[in-house]
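Have a look at the structure below, then the notes.
The values are calculated or read from the model by the stated rules, or taken from the named source; none is laboratory data. This is a predicted model, so every value here is computed, not measured. Please note: Cβ atoms are built from the backbone with ideal geometry, for glycine as well, and neighbour counts cover all protein chains shown.
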Amino acid sequence: MKRHLLSAADLSLDDATLILDTALEMAAVSDRTVKKLPTLRGRTVVNLFFEDSTRTKTSFELAAKRLSADVINFAAKGSSVSKGETLKDTALTLEAMGTDAVVIRHSWSGAPVNLARIIRGSVVNAGDGTHEHPTQALLDAYTMRQRLGRIEGLKVTIVGDILHSRVARSNVLLLKTLGADVTLVAPPTLLPTGVDAWPAEVSYDLDSVLPKSDVVMMLRVQRERMGAAYFPSVREYSRRYGLDVDRAAQLQDHTIVMHPGPMVRGMEIASEVADGLRSTIQDQVTNGVAVRMAVLYLLLGGSESAIGSVEQ
Amino acid sequence: MSWLLKDVLLYGEGSPTDVVLRDGVIAEIGTGLSGDETIDGAGCVLLPGLVDLHTHLREPGREDAETVETGTRAAAVGGFTAVHAMANTNPVADTAGVVEQVWRLGQEAGHCDVFPVGAVTVGLEGKEMAELGTMADSAARVRVFSDDGKCVSDASLMRRALEYVKAFDGVIAQHAQEPRLTDGAQMNEGINSSLLGLTGWPAVAEEAIIARDCLLTAHVGGRLHVCHVSTAGSVELIRWAKSKGWDVTAEVTPHHLLLTDDACCGYDPTFKVNPPLRTQADVDAVREGLADGTIDAVATDHAPHALEDKETEWGAAAMGMIGLETALSVVAQTMVEPGRLTWRQVAERMSEAPARIGRLDGHGRPLAVGEPANVVLVDPTARWVVDPAQTTSRSRNTPFAGHELPVRIRATFLRGTPTAVEGKPA
Ligand SMILES: [Zn+2]
């Protein structure tokens, strides 16, 4: 595996499989009463969040703590765009403190790549702008495998604001590596120019794709996009691209419904569907911790079985 | 003091010849000549001093990035004897006072002639026309007007500007960028931007403005110069406008001749520039356009930036790259070595045409006895590796770091006085 996890494209099939297998072992730990491993004792993991995200930050923090790492939540007040401390200065500070891994969330695409050029430790991209969110894609893949028993050959449909979604980018790249067939569904305005070169099919028609899907992943659509004329109204968006009860009824019995959160109930997904049996939304949150444990463990030098002799 | 340039090839043609520069002019051309100082020019090409239509000297306002002094020294090292200083300074060059100040700083520095470009609109705000006539009548004799960096997007204002400057033979140099199509744009819109998650700057935003401006130019009988053409579609539009006989000229930058948006994939803001680096098809098209004369000139868009404005996240970084010291080498690599241009044509694209567009006297003149001794001597066989730490410019943001490029500039002369010798300011 590479030293950093900046993009889902950094992962080979072997890397991704190793992470998912390791996460399975980690999940076993999370089921125990004492949910802690000594593996990263004495190592320091910094959560560097330039953008608010309580869910992702908490998930990474829990993951690092379960591996016994020292966790620092670095207060990155505002972003460097507001001409405060620059990313470079922050990186040099972290470097001086001797950190082993930095988990970074940033509103600018590519900031983790810039950070990785400056510091010696490992950098984990916890979401950068509209670029990528590789651990989200890993936990999504983990969840698919958990529910459906495999990833290769699955028909995965990703619906929503593909243009601005880092989750979609990471999922497309990782699922390609893992052998799934991805179809992106969105109004043409919410698909990037250049999407034809992505390893995915594209459709504007949700109803024709749904019955063939094994996995349906709904993405959040921000209301603000309406003001920029990406679509005329929330009502029209929901009518054409929302996963409502009638649409969910078209799905095959085994098909699962995913959402990376936070969701806008009633817009891209109906409450009945989000809370229904097909929904993996809670599993995704749970699995996030195990997957992030696996990522931190493997990046920080673990090559043995994650829990080794501790667990038989 | 006279200088003998011995055994040089005029425009890279014919047989070795001696050229003597004396009293500010080319005094003699022949064989067996002598002078007070001699440069052995065997195997070297003599060209008229290069003229840049598009230079950001940053003074006044951002003297930490560049000054007239440092920028013109860099120009001399790059073989230029004249540069057009862009108007987006602070204060903006939108009055006779500011353009005269920049012009005087250039005169005092003495490394190359500085011709200030006047802003088209007050404060580059695209609302009210600046006092174009007063700038034209000032000591700076402004003929090129541009809101560079900002497009004059208001069609009515653009029409009036094109009309108004006819009175003093001015030209509107347009940075063609439809603002509503480029809100928050970070790089070329295409496959790479889609994967990098960076907001796209679509080719159509450039082409739509060029098409409109060509039509406006035809309508009012004005004179349009299109800055830094970057797309294949733009080249086609300009070719079409020229075929109609309209007075439209265009420039291309060295970086758009050599680099593609693949360079952006590592999020290194050195490669963030406006207009953005495009695709290989666009690079091929601008090369072809420059070769066939659709694109009249090479202009550097030399845009120095302080380190802290580039050593940051891509989205927060400033746009632009320096180019004065590498321009001729990049043109040699992309155009001369592959046989697209002869040295004679390089003289046209990098000296004569830009001087003509800027209505300059004394630059872009023939290599002939009695003409001003604004010349540059280049060694076409030498090669060098670009090292940002070695720039004469105050800034380091060259996109060619580590590139091995052809051609070294042996010496640059401004009215017979050396301004740079063997890669160093004289
Ligand atoms: Zn410009």
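Could you list all residues from region B:279-294 that are farther than 21 Å from B:Ala263 by Cβ and among the hydrophobic types (A, V, I, L, M, F, W, C)? Selection gives B:Ala291 alone. Here is a check on your reading of the model: is B:His256 more than 16 Å from the ligand (Cβ to nearest atom) and assigned to a helix (DSSP H, G or I)? No, not satisfied.
Whenever a residue of region A:221-246 is without any contact (Cβ under 8 Å) to a residue 40 or more places away in the chain, its partners that are in a helix (DSSP H, G or I) and surrounded by fewer than 18 Cβ atoms within 10 Å (Cβ to Cβ), lying with C-beta atoms within less than 6 angstrom and at least six residues away or across chains, give the pairs A:Val245/A:Glu272. Output yes when any residue across region B:271-286 is part of a helix (DSSP H, G or I) and among the charged types (D, E, K, R), and no when none is. Scanning region B:271-286 turns up at least one residue that is part of a helix (DSSP H, G or I) and among the charged types (D, E, K, R).
When the criteria are applied in full, B:Gly24 meets the requirement of being under 25 Å from B:Leu360 (Cα atoms) and in the same structural domain as B:Thr392 (by TED's automatic domain parsing). Hey, among the residues in region B:78-87 that are touching a helix residue (DSSP H, G or I) at 6+ places or on another chain (Cβ under 6 Å) and not β-branched (Val, Ile, Thr), which one's farthest from the ligand (Cβ to nearest atom)? Only one residue fits best here, namely B:Gly79. Taking first residues from region B:263-291 that are in contact (Cβ under 8 Å) with a residue 12 or more places away in the chain and within 14 Å of another protein chain (Cβ to nearest Cβ) and partners that are among the basic types (Lys, Arg) and within 16 Å of the ligand (Cβ to nearest atom), no Cβ contact under 6 Å between residues at least 6 apart in sequence or on separate chains turns up. Scanning region A:1-21 for residues that are crowded, with 22+ Cβ neighbours inside 10 Å and either free of Cβ contacts under 8 Å to residues at least 12 places away in the same chain or of a type in the set (Gly, Ala, Ser) (or both) returns A:Ser7, A:Ala8, A:Ala16. For the criterion of being among the basic types (Lys, Arg), touching a residue at least 40 places away in the same chain (Cβ under 8 Å) and in contact with a helix residue (DSSP H, G or I) (Cβ under 8 Å, 6 or more places away or on another chain), B:Arg415 fails.
Filtering region B:227-240 to residues that are of a type outside the set (A, V, I, L, M) and either within 13 Å of the ligand (Cβ to nearest atom) or part of a helix (DSSP H, G or I) (or both) leaves B:Cys227, B:His228, B:Ser230, B:Gly233, B:Ser234, B:Glu236, B:Arg239, B:Trp240. Within region A:286-300, is there a residue that is within 21 Å of A:Asn171 (Cβ to Cβ) and in a loop (DSSP other than H, G, I, E, B)? No: region A:286-300 contains no residue that is within 21 Å of A:Asn171 (Cβ to Cβ) and in a loop (DSSP other than H, G, I, E, B). On inspection, B:Leu157 qualifies as among the hydrophobic types (A, V, I, L, M, F, W, C) and surrounded by fewer than 18 Cβ atoms within 10 Å (Cβ to Cβ).
Sort through B:Gly245, B:Gly149 and tell me the only one that's surrounded by fewer than 19 Cβ atoms within 10 Å (Cβ to Cβ), modelled with pLDDT of 95 or more and part of a loop (DSSP other than H, G, I, E, B). Step through it out loud before you land on a result.
On the way: B:Gly149 fails: modelled with pLDDT of 95 or more.
Among B:Gly245, B:Gly149, only B:Gly245 is surrounded by fewer than 19 Cβ atoms within 10 Å (Cβ to Cβ), modelled with pLDDT of 95 or more and part of a loop (DSSP other than H, G, I, E, B).
Applying a threshold of 6 Å to beta carbon distances and a minimum spacing of six or more residues, or different chains, the list of pairs starting in region B:76-92 at a residue that is closer than 20 Å to B:Pro60 by Cα and away from every other protein chain (no Cβ under 14 Å) and ending at one that is away from the ligand (no atom under 16 Å from the Cβ) and acidic (Asp, Glu) reads B:Ala82/B:Asp113. For region B:349-384, filtering for residues that are surrounded by fewer than 16 Cβ atoms within 10 Å (Cβ to Cβ) and β-branched (Val, Ile, Thr) leaves 2.
Can you pull out the strands (runs of 3 or more DSSP E) entirely within region A:111-220 that have at least 3 residues that are touching a residue at least 24 places away in the same chain (Cβ under 8 Å)? Step through it out loud before you land on a result.
On the way: elements: A:122-128, A:155-159, A:181-185, A:201-203, A:215-218.
Where strands (runs of 3 or more DSSP E) fall fully within region A:111-220 and carry at least 3 residues being touching a residue at least 24 places away in the same chain (Cβ under 8 Å), they are A:122-128, A:155-159, A:181-185, A:215-218.
For region B:167-226, a residue qualifies if it is within 16 Å of the ligand (Cβ to nearest atom), part of a strand (DSSP E or B) and either touching a helix residue (DSSP H, G or I) at 6+ places or on another chain (Cβ under 8 Å) or within 14 Å of another protein chain (Cβ to nearest Cβ) (or both), and the qualifying residues are B:Val171, B:Ile172, B:Gln174, B:Met187, B:Asn188, B:Trp201, B:Leu224, B:His225, B:Val226.
Being within 14 Å of A:Leu138 (Cβ to Cβ) and surrounded by fewer than 15 Cβ atoms within 10 Å (Cβ to Cβ) is not true of A:Leu24.
For the residues B:Asp52, B:Asp94, B:Asp40, the requirement of being away from the ligand (no atom under 16 Å from the Cβ), buried (at least 18 other Cβ atoms within 10 Å of the Cβ) and charged (D, E, K, R) singles out B:Asp94. Within region B:359-382, residues that are acidic (Asp, Glu) reach partners that are part of a loop (DSSP other than H, G, I, E, B) with beta carbons closer than 7 Å, at six or more positions or on different chains, in the pairs B:Glu371/B:Arg365; B:Asp379/B:Gly43; B:Asp379/B:Cys44.
Checking each residue in region A:193-209 for being of a type in the set (A, V, I, L, M, F, W, C) and within 14 Å of another protein chain (Cβ to nearest Cβ) picks out A:Val195, A:Ala197, A:Trp198, A:Ala200, A:Val202. Among the residues of region B:293-306, the ones that are in contact (Cβ under 8 Å) with a residue 12 or more places away in the chain and away from the ligand (no atom under 16 Å from the Cβ) come to 3 in all.
Which residue, of A:His106, A:His133, is within 18 Å of A:Lys2 (Cβ to Cβ), within 11 Å of chain B (Cβ to nearest Cβ) and touching a strand residue (DSSP E or B) at 6+ places or on another chain (Cβ under 6 Å)? Walk me through it before giving the result.
Working: A:His106 fails: within 18 Å of A:Lys2 (Cβ to Cβ).
Among A:His106, A:His133, only A:His133 is within 18 Å of A:Lys2 (Cβ to Cβ), within 11 Å of chain B (Cβ to nearest Cβ) and touching a strand residue (DSSP E or B) at 6+ places or on another chain (Cβ under 6 Å).
Cβ-Cβ contacts under 6 Å between residues 6 or more apart (or on different chains), taken from a first residue in region B:334-347 that is touching a residue at least 24 places away in the same chain (Cβ under 8 Å) to a second residue that is assigned to a loop (DSSP other than H, G, I, E, B), are listed as B:Met335/B:Leu341; B:Trp343/B:Tyr11; B:Trp343/B:Gly12; B:Arg344/B:Tyr11; B:Ala347/B:Tyr11.
Listed by first and then second residue, the pairs with beta-carbon distance under 8 Å, at least 6 apart or on different chains, first residue in region B:147-161 and away from chain A (no Cβ under 14 Å) and near the ligand (Cβ under 9 Å from one of its atoms), second β-branched (Val, Ile, Thr) and in a helix (DSSP H, G or I), are B:Cys151/B:Ile209.
Cβ-Cβ distances below 6 Å connect the following pairs, each with a first residue in region B:123-141 that is in contact (Cβ under 8 Å) with a residue 40 or more places away in the chain, a second residue that is not in a helix (DSSP H, G or I), and a separation of six or more residues or different chains: B:Met135/B:Gly118; B:Met135/B:Val142; B:Ala140/B:Pro116.
Applying the selection to region B:101-140, what residues are part of a loop (DSSP other than H, G, I, E, B), away from the ligand (no atom under 16 Å from the Cβ) and surrounded by 17 or more Cβ atoms within 10 Å (Cβ to Cβ)? Those that are part of a loop (DSSP other than H, G, I, E, B), away from the ligand (no atom under 16 Å from the Cβ) and surrounded by 17 or more Cβ atoms within 10 Å (Cβ to Cβ): B:His111, B:Cys112, B:Ala130, B:Ser138, B:Ala140.
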